[in-house]
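Asker: Okay, handing you the structure first.
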Amino acid sequence: MDILTPWNTLLVHPIMNLTLFAYSVVHDFGLAVILVTVLIRLALYPLYVTQIRSQRAMQEVAPAMEELKRKYGKDRQRFSQEQMKLYSERGVNPAAGCLPLVLQMPLLIALYNSLLQLGCGLGPPPNNLCPGLTHDMVESFRYTFIPNPIDIGGALDTTAHWLPWISRGLQHPDPFFILPVVAGLVQLVASVMAMPAKQVKSDDPAQRMTQSMAYTFPLITVVIGAQFPAGLTLYWITTTLFQIVQQYFVSGWGQLPKYLPFLRGIPTPADRELHRREQAAISEARKDMKDKDEEEAEDREPAAAASGARNGGRRRGRRRGKR
């Protein structure tokens, strides 16, 4: 069996069918790509929320992690034990933040293949002219419940009518690099929002690399977007905007107010949730201290009574000896 058969069956053809269904609804290929992107993000929403919360939790334990490094930096085994203990106590799973990224790479590759086949037809087009997907080609992979939006003898219109400068279709790169620049800008906003509002100073090379990637990755996005199909860049813009909205609700503005000061006066749902959790933690700590004080007081009472009894017995004995 050809290795591409399961790949097409599991990912490429489902995305193509979903895109064709969206196209039959909105009658615009660009809007169809956006609709498919939103549907994919909604399907993966729990994973992305887990990723954002994991990143936020890692940021919250950063000060404690720095303290462990100062205390056990020379003892790697003890540091690893204390690190795992800290993660367990705070409910942090470092691997949780990687899963959405791992899942997104196959989706990006499958979407890339889908866009090329939707725009150029199945298989390599003659002379690479991208004649377009035909009615008969759609019938070869179409699900029975998905309507065929292409007339007999026609080809799929892959243009986005609201992006008039991309006249050749979204299977080709943006000739004026407008979408790649927009993709880089929204990626920059998302990267800055992902950084903690109070950055912890650290000598950890991995953390410094993460901070630098927050500013270099948008540039990489522009370079890649300039070479890949415009439809893929449109997907990236849409999914990053979706991520920004998620971060607003889950982790807040991050370091964005550092560059846009007016945002400091606009609280986010994440800020209110963080304040609630901090107050709950303070209340729990006070309750634990009160319970501990009460236990210590209860332990002291029998000891005081026993001590008083011993002292009283000795005093009575001394009095009897005097008489």
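Asker: Give me the residue from segment 133-160 that is over 10 Å from Leu20 (Cα atoms) and not in a loop (DSSP other than H, G, I, E, B) and, out of that set, most open to solvent (accessible area, probe 1.4 Å).
Answerer: Asp136
Asker: Could you check Thr50 against (1) open to solvent by 50 Å² or more (accessible area, probe 1.4 Å); (2) under 25 Å from His135 (Cβ atoms); (3) of a type in the set (S, T, N, Q); (4) touching a residue at least 40 places away in the same chain (Cβ under 8 Å) and say which number it fails?
Answerer: The number of the failed condition is (2).
Asker: Take the residues in segment 166-201 that are modelled with pLDDT of 95 or more and small (Gly, Ala, Ser), then tell me which one is surrounded by the fewest Cβ atoms within 10 Å (Cβ to Cβ).
Answerer: Per the criteria, the residue is Gly184.
Asker: Sticking with this structure for a sec: Can you give me the ranges of the helices (runs of 4 or more DSSP H) entirely in segment 12-119 with at least 2 residues that are under 30 Å from Asp151 (Cβ atoms) and not polar (S, T, N, Q)?
Answerer: Answer list for segment 12-119: 13-26, 29-43.
Asker: Considering only segment 85-130, how many residues are open to solvent by 80 Å² or more (accessible area, probe 1.4 Å), more than 30 Å from Tyr72 (Cα to Cα) and either modelled with pLDDT of 75 or more or not aliphatic (A, V, I, L, M) (or both)?
Answerer: Residues that pass the stated criteria total 7.
Asker: So which residues in segment 243-263 are among the aromatic types (Phe, Trp, Tyr) and under 16 Å from Leu188 (Cβ atoms)?
Answerer: Passing the criteria: Tyr248, Trp253, Tyr259.
Asker: Something else: Between residues in segment 175-195 that are without any contact (Cβ under 8 Å) to a residue 12 or more places away in the chain and residues that are surrounded by 23 or more Cβ atoms within 10 Å (Cβ to Cβ) and part of a helix (DSSP H, G or I), which pairs lie under 6 Å by C-beta distance while being six or more apart or on different chains?
Answerer: none
The values are calculated or read from the model by the stated rules, or taken from the named source; none is laboratory data. Nothing here was measured: the structure is a model prediction, and the numbers come from that model. Here Cβ is always computed from backbone atoms with ideal geometry, including for glycine, and neighbour counts include all displayed protein chains. In case anyone asks, the SASA skips ligands and DNA or RNA and just uses the protein heavy atoms, side chains included. Shrake-Rupley method; radii C 1.70, N 1.55, O 1.52, S 1.80 Å.
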